[in-house]
Amino acid sequence: MQILSRIWPQLFPAKPTLTADNLPPQTGRVVIITGGTSGLGLELARILYSAGATVYIAARNEAKAHNVINSITTTTSSNSVTSPGELIYLPLDLSDLRTIPPFVHAFLSRSTRLDLLFNNAAIACLPATQVTAQGLEPHLGINCVAPYLLTSLLSPILTSTAQSPSTPPNSVRIIFTSSMVVDFLAPTGGIPSSALTTTPNPNSDPNTNYAISKTGNWFLAAHFASILGSKGVVCITQNPGNIDTPIYDNAPRLSVWVSRPFFYRTEVGVCTLLWAGVEEGITVEDGGRYAIPFGRWHPGPREDLLVAMREGRMGRFVEWCEGVVAEFK
């Protein structure tokens, strides 16, 4: 019954209160979106660009990114309130930590502020043998370790932006992306010690590995909230909902077919990210909280995961991430 009470409002969410139609102007704001060439990232880039923001699309496929930018800019026109912002591509491959410092350097050479960091890109349903360039299990490597390094390297500019006198309080945010699978598939305590290795077990279940990584995203949100909240940076995680995006490309076709009646369009799912990123009622005191579709707080997070965050397991996970990325800082 507890599982049902957690899952039900995520399967059948209330209507969004913040959408592209009532989004306040974002003129002057600078945004980074990982995975901005498809799915929710693309829709988020489109909306924030239309609202006047400067949006950096961080992705590995340059040709695809430029096609996306061309498509968005040629189909977006000025409205009576806001002129479009700017779309900029910078290369980033989350499967290879070596690409992250150059991305950050390139970004810092172009911008003096960063208002929103959306750690949106993720993979699912990959075999453990399909390791990253650094030999990491793909879900933990791409979904957690790479965003940890990226967020760490961008923390100084996020902090300086938050502390600028011209920046509204609580408007600088880091958004991690979790999933409903955290509620029913993550192991007790979230991240078992056996998962923290650079030699992944090739027999590991990819669905469990995905759930572990999405729990890791929540842990990382709580971690960065604990160290950046006092500096004015809001950091939370969110489950956008069951959205029909390319993340399911590697999933078994039968499971996708069975799940399809519960899927929502990206135009709806993006509302969760918009709420997490710009809802005025969210403050640094909400750091580490978990948002669900389509813009509300999780009504009952798993107690074992809350305990894990309070009693050290989250810290051990962060220490492991730090050990993996140390040579790239």
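The values are calculated or read from the model by the stated rules, or taken from the named source; none is laboratory data. Values in this document were obtained by computation on a predicted structure and should not be read as measured data. Cβ atoms come from the backbone with ideal geometry, glycine included; neighbour counts cover every protein chain shown. What goes into the accessible areas is simple: the full protein's heavy atoms, side chains included, and nothing from ligands, DNA or RNA. Shrake-Rupley method; radii C 1.70, N 1.55, O 1.52, S 1.80 Å.
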Q.
Given a 1.4 angstrom probe, I'd like the percentage of the accessible area of the chain that is carbon and sulfur, rounded to a whole number.
A. 54 percent
Q.
Only sites in a loop by DSSP and with at most 12 other Cβ atoms within 10 Å count here; which trypsin sites (Lys or Arg not before Pro) in the range 66-123 make the cut?
A. R110
Q. Taking the Cβ of R98 as the center, what net charge do the other residues with Cβ under 13 Å away carry, scoring Lys and Arg +1 and Asp and Glu -1?
A. -1
Q) Projected onto the charge dipole of the chain (+1 at Lys/Arg Cβ, -1 at Asp/Glu Cβ, origin at the Cα centre), which of I7, P187, L94 gives the Cα projection farthest towards the positive end? A) I7
Q: Under 13 Å from the Cβ of A162, count the other residues' Cβ atoms, weight Lys and Arg +1, Asp and Glu -1, and hand me the total.
A: +3
Q) What does the charge dipole of the chain about its Cα centre add up to, to the nearest 20 debye, if the Cβ of each Lys and Arg holds +1 and the Cβ of each Asp and Glu holds -1? A) 160 debye
Q) If the cut-off is a Cα-Cα distance under 28 Å, which lysines reach K64, setting aside same-chain residues fewer than 8 apart in sequence? A) K214
Q. Can you give the Rg and Dmax of the range 1-325 based on its C-alpha atoms, in angstrom?
A. 18.4, 57
Q. How much accessible area per residue does the range 47-125 have, in Å², with a 1.4 Å probe?
A. 44 Å²
Q: Skip the ligands, DNA and RNA, and give the accessible area per residue of the range 277-329 with a 1.4 Å probe, whole Å².
A: 49 Å²
Q: Determine by what factor the alpha-carbon radius of gyration of the range 130-228 differs from 2.2 N^0.38 Å, reporting the quotient.
A: 1.23
Q) Rounded to the nearest whole Å², what accessible area per residue is found for the range 152-220 with the 1.4 Å probe? A) 37 Å²
Q: Find which of L149, G52, L136 sits farthest along the positive direction of the dipole of the chain, computed with +1 on the beta-carbon of Lys and Arg, -1 on that of Asp and Glu, about the Cα centre.
A: G52
Q | Residue with peak Gaussian network fluctuation, the chain [Cα springs, cutoff 10 Å], from A211, A106, A225 | A | A106
Q: Pop a pseudo-label 7 angstrom from the Cα along the beta-carbon direction at both T27 and D205 and give the gap in nm to one decimal.
A: 5.3 nm
Q: Mind checking which of A106, T208, A162 is farthest towards the positive end of the chain's charge dipole, using Cβ charges of +1 (Lys, Arg) and -1 (Asp, Glu) about the Cα centre?
A: A162
Q: Report relative contact order for the chain in percent, whole number only (criteria: Cα-Cα under 8 Å, sequence separation at least 6).
A: 20 percent
(Q) Once R0 is set to 22 Å, what does the formula 1/(1 + (r/R0)^6) return for the Cβ-Cβ distance between S160 and R296, expressed as a FRET efficiency to the nearest 0.05? (A) 0.10
